[in-house]
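The structure under discussion appears below in the form of structure tokens.
Each reported figure results from applying straightforward, stated rules to the coordinates on display, with no laboratory input. In this text, all values refer to a predicted model and were calculated from it rather than measured experimentally. Note: ideal-geometry Cβ built from the backbone for every residue, glycine included; neighbour counts use all protein chains shown.
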Amino acid sequence: MRVAVIGGGIAGGGVAYELGMGAEVTLFEQETTCGYHSTGRSAALFTECYGDPVVRRFAMTSRAFLEQPPEGFSDQPLVRARPVMFIATHDQGAALERSLADYREMVPTVRAAAAGEALDLCPVLDAEVIAGGIIEPHAADLDVHALHTAFLRGTRQRGGRILTSAGVTGLTRAGNRWTVITAAGTDHFDVVVNAAGAWCDRVGALAGARPLGLVPKRRTAFTFTPPIGPGPHPWPMVIDVDEQFYFRPEGVHVLASPCDETPVEPQDIRHDEIDVARGIERVESVTTLQIRSVVRAWAGLRSFVPDHRPANGWDPELPGFYWLAGQGGFGIKTSPAMSRFAAAMILHGAPPTDLEARGITAASVGVERLSGSRELRVES
Ligand SMILES: Cc1cc2nc3c(=O)[nH]c(=O)nc-3n(C[C@H](O)[C@H](O)[C@H](O)COP(=O)(O)OP(=O)(O)OC[C@H]3O[C@@H](n4cnc5c(N)ncnc54)[C@H](O)[C@@H]3O)c2cc1C
């Protein structure tokens, strides 16, 4: 089977790697390097307490791969332990209780932390404003570069081709085959996998597919130098319980985000200084930190379909067209299980049994569930 994967981010890289076991894969990336867009701009967090239950199950089933990847996959660890601490101010008591119950339902090791413990773990928090927190002890920092590079290297080792500066500009179907037209030439495939991140609906339109209603949303991040370092006990990742900001150490700096979600068109997104200022204000409002200057700021796109689950399935109307879209703010941490799911659907026509046993079914992530919100097909 010849498979074209469109997009060289974590989604395209992961599925190309998994497909390499049973198919002849060519990955097409429009940029000069893979991972230039969302994948290269994330906060690199592994948590099992974020998103819809299906997203959380994808993360949980990715943990084993990330902690113990296959022999020879990567020469460095893909995860480094760092607990997450969700924090609440005195007027966020209800959100704290609600979140604790929600998180514990799927992750029993999650526990409440009194304000004193929260301050012990992150001494720059302001004792006057912090009411308490929730600790997820088994969260981690991800080495996104190591994971992404290993997916691409593994793809090549399995005989796959990776073409950069090869933006797909046309997709036509004749008989049982897709013709993929790119700046680098034209080729023919049995299956096309649409893993084009924020551009998935655009790539779908090239094939004549109905859009999924994908909305790319800008998210800003920045780093600054704290006046005092984290000390001998590294801080946890600190996240506002209502997702209004987060921060964590990043080397000698601190990485922070205002958790903005501004809908935009797919593009090489830049940050807006207003969002950085908002992030500074939010972090300062719960800490004793005074952020005098920013070391680096950037923005990336988190793309969502209407129900905020991933779209991982065959297009019901276009034979041989597979969607791997809508990875929102969880595309890195879920990539091992998401890729394995997509590859099993393509190679064997059914999800992996261990993922199904965890409640990740073709119906729960497939594209049919979105048919109510899918608009009329765009004629190309
Ligand atoms: C600030 C921020 C923080 C985040 N934090 C986390 C986190 O802590 N944990 C986590 O798991 N996730 C996080 N995410 C989300 C994560 O980064 C994304 O879900 C993930 O990177 C999406 O990967 P992708 O491969 O779908 O998209 P991308 O990385 O954008 O890759 C898509 C690729 O397709 C290519 N492409 C598009 N059109 C074409 C075409 N026509 N032909 C060829 N190629 C094409 C693009 O050039 C691009 O390289 C964060 C995102 C942001 C922005």
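Got a sec? Charge dipole of the chain, +1 on Cβ for Lys and Arg, -1 for Asp and Glu; which of GLY22, GLY51, VAL215 is way out at the positive end?
Towards the positive end, the residue furthest out is GLY22.
Trypsin sites (Lys or Arg not before Pro) within the stretch 288-354: which are DSSP loop residues with at most 10 other Cβ atoms inside 10 Å?
ARG292
Placing unit charges on C-beta atoms (Lys and Arg positive, Asp and Glu negative, everything else neutral), compute the dipole magnitude of the stretch 223-331 about its Cα centre in debye, rounded to 20.
Approximately 500 debye in magnitude.
Can you say what percent of the DSSP beta bridges in the chain, counting only those with both residues inside, are antiparallel? Round to 5.
Of those bridges, close to 75 percent are antiparallel.
Looking at the stretch 275-380, which GluC sites (Glu not before Pro) are in a loop (DSSP not H, G, I, E or B) and have at most 12 other Cβ atoms within 10 Å?
GLU375, GLU379
What does the net charge come to around SER38 if you take all other residues with beta carbon closer than 10 Å to its beta carbon, with K and R at +1 and D and E at -1?
Computed value for this residue: +3.
Averaging sequence separations of C-alpha pairs under 8 Å and six or more residues apart, then dividing by the length of the chain, give the relative contact order as a whole percent.
About 23 percent, as a whole number.
What value, in deg cm²/dmol to 500, does the helix sum -39500 (n - 2.57) over DSSP H runs of n ≥ 4 give at 222 nm once divided by the residues of the chain?
-8000 deg cm²/dmol
By how many degrees, 0 to 90 and rounded to 10, does the Cα axis of helix 273-286 deviate from the longest principal axis of the chain?
It is inclined by approximately 40 degrees.
Please give the helix 53-67 orientation as an angle from the longest Cα principal axis of the chain, in degrees from 0 to 90, rounded to the nearest 10.
90
Can you give the charge dipole size of the stretch 1-124 about its Cα centre, rounded to the nearest 20 debye, using +1 on the beta carbon of Lys and Arg and -1 on the beta carbon of Asp and Glu?
Result for the stretch 1-124 is approximately 80 debye, rounded to the nearest 20.
Return one number: the angle in degrees, 0 to 90 and rounded to the nearest 10, between the long axis of the Cα atoms of helix 93-106 and the longest principal axis of the Cα atoms of the chain.
Tilt of helix 93-106: around 50 degrees.
Taking the Cα centre of the chain as origin, sum charge times position over the Cβ atoms of Lys and Arg (+1) and Asp and Glu (-1), and report the length of that vector in debye to the nearest 20.
Rounded to the nearest 20 debye, it is 940 debye.
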